[in-house]
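**Student:** Okay, handing you the structure first.
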Amino acid sequence: MAIKKAGFSTRSIHSGEKQDETGSITTPIYQTAPFEFKNASHGADLMGGRGKGYVYSRGANPTTEVLEEKIADLEDAQAALAQTTGMAAISAAVFTSIKGGDHVIADEVIYGSTYDLFVELKNFGVDVTFVDSSDANNVESAFRPNTKLVFFETPANPTLKLTDIKAVCDIAHEKDATVMVDNTFMTPYFQKPIKLGADVVVHSATKYLNGHGDTLGGMIVGSSDYIKSARHTAKNMGGSITPFSSWLIIRGMKTLSIRMDRHTENAMSVAKFLQGHDKINTVIYPGLHDHPQYELGREQMSGAGGMIAFMLEDPKDVPVFLDSLKLCTLAVSLGETCTLIQHPATMTHGVVPRDDRLSYGITDELVRLSVGLEDACDIIDDIEQALGLI
Ligand code: LCS
């Protein structure tokens, strides 16, 4: 049941949820691969696409459908498809949107594996141009007659630069291209790309949507027609999410709004502390007035989120600093209860060729922090003691 008029928190708890005959107040985990047909003609009908019913969990599963209805409602979209990882969602969405001979424009600052996926598309006869989409003119200039897809993250992983969603959509739609936005860092609580004109939203649900670091997951969100076609492609690619992972993400999403508020409150305190520290060169956080696109952030995001990037004076100090932290966990991933810290140049973005990486601003002294839900003073104390040792 989608409660369209209710507020975000109410919808994150109730949307998609159905009542079964037991009265269970949580969605059951339908932990099954196939579903039994009533008889031979029922089986033939369902396999032939006639009538409604479940066949095989690679195609559809009732637990996963609750998750899909919930994220579609929260993104103000018609439909959604859940996948087993964010990368499974992005690959399936990309392969739904393009074919050999097409051209793609992608922002140059995107998650390392997404970048690598786009680089590999040339093996399938698809050209990709990487641009700095924080200036929408760069997107316009990169258009070719065969450009079919524009892809970006905003804020971008890991440099937290922003792209003007509406401006890029206006340019792309003029030329009939699909705009796909990775909304992992903001979640629909803080940013709704579809309302700003995007055609497709993708997520790594491994991050804030689940929020507890205990499962992987991915989402594709869009129009009913687009999701129908993505479901077809994804079923053959085989990256379906397990019912248990769907259940974990459903549970996580019920507290999304309060977690995002707390992530943001903590991140603001940590960002201000970092700004005032003499061993930190630059702090990049969309909630700080000196973020180069602070005003754009205020227009298209209703909160700054929990991700901070900062630069130490000397890249040689990075390993010492990271190894000296006691509370903050040295790990990739982001958006979960505990604070995670990592070094993009050697970790999440190590796959990007060095010269390109440096020209994109992913420098050797850049550290990325996913501020968790601990007490902000404890996170700050830990960072302060580690900075004291470099
Ligand atoms: N999109 C963004 C913005 C991401 O940050 C990631 C993963 C993905 C998609 C892919 O999602 P996955 O397949 O991992 O669920 N980002 C990671 C990161 O920054 N550190 O480790 C994973």
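The values are calculated or read from the model by the stated rules, or taken from the named source; none is laboratory data. Nothing here was measured: the structure is a model prediction, and the numbers come from that model. Backbone-built Cβ (ideal geometry, glycine too); neighbour counts: all protein chains shown. What goes into the accessible areas is simple: the full protein's heavy atoms, side chains included, and nothing from ligands, DNA or RNA. Shrake-Rupley method; radii C 1.70, N 1.55, O 1.52, S 1.80 Å.
**Student:** State whether the residues of the stretch 119-133 include one that is crowded, with 23+ Cβ neighbours inside 10 Å and of a type outside the set (Phe, Trp, Tyr).
**Tutor:** yes
**Student:** Let me ask something else about it. How about the stretch 344-359: which of its residues are farther than 15 Å from PHE118 by Cα, of a type in the set (A, V, I, L, M, F, W, C) and within 14 Å of the ligand (Cβ to nearest atom)?
**Tutor:** ALA345, MET347
**Student:** Can you pull out every residue in the stretch 200-219 that is at negative phi and more than 9 Å from the ligand (Cβ to nearest atom)?
**Tutor:** VAL200, VAL201, TYR208, LEU209, ASN210, HIS212, ASP214, THR215, MET219
**Student:** Related question: Which of the residues belonging to the stretch 134-171 are within 16 Å of the ligand (Cβ to nearest atom), open to solvent by 10 Å² or more (accessible area, probe 1.4 Å) and small (Gly, Ala, Ser)?
**Tutor:** Listed by number, the list holds a single entry, SER134.
**Student:** Is there a residue being open to solvent by less than 40 Å² (accessible area, probe 1.4 Å) and within 19 Å of SER245 (Cα to Cα) anywhere in the stretch 43-58?
**Tutor:** The answer is yes; a qualifying residue exists.
**Student:** Testing LEU330 on (1) of a type in the set (A, V, I, L, M); (2) open to solvent by 10 Å² or more (accessible area, probe 1.4 Å); (3) touching a residue at least 40 places away in the same chain (Cβ under 8 Å); (4) touching a helix residue (DSSP H, G or I) at 6+ places or on another chain (Cβ under 8 Å), one condition comes back false. Which one is that?
**Tutor:** Going through the list (1) of a type in the set (A, V, I, L, M); (2) open to solvent by 10 Å² or more (accessible area, probe 1.4 Å); (3) touching a residue at least 40 places away in the same chain (Cβ under 8 Å); (4) touching a helix residue (DSSP H, G or I) at 6+ places or on another chain (Cβ under 8 Å), LEU330 breaks only (3).
Every residue, every condition in (1) in contact (Cβ under 8 Å) with a residue 24 or more places away in the chain; (2) outside any loop (DSSP other than H, G, I, E, B); (3) more than 16 Å from the ligand (Cβ to nearest atom); (4) not β-branched (Val, Ile, Thr), yes or no:
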position: GLU36; (1), (2), (3), (4): no, no, yes, yes
position: LEU46; (1), (2), (3), (4): no, yes, yes, yes
position: LEU67; (1), (2), (3), (4): yes, yes, no, yes
position: ALA77; (1), (2), (3), (4): yes, no, yes, yes
position: LEU81; (1), (2), (3), (4): yes, yes, no, yes
position: LEU117; (1), (2), (3), (4): yes, yes, no, yes
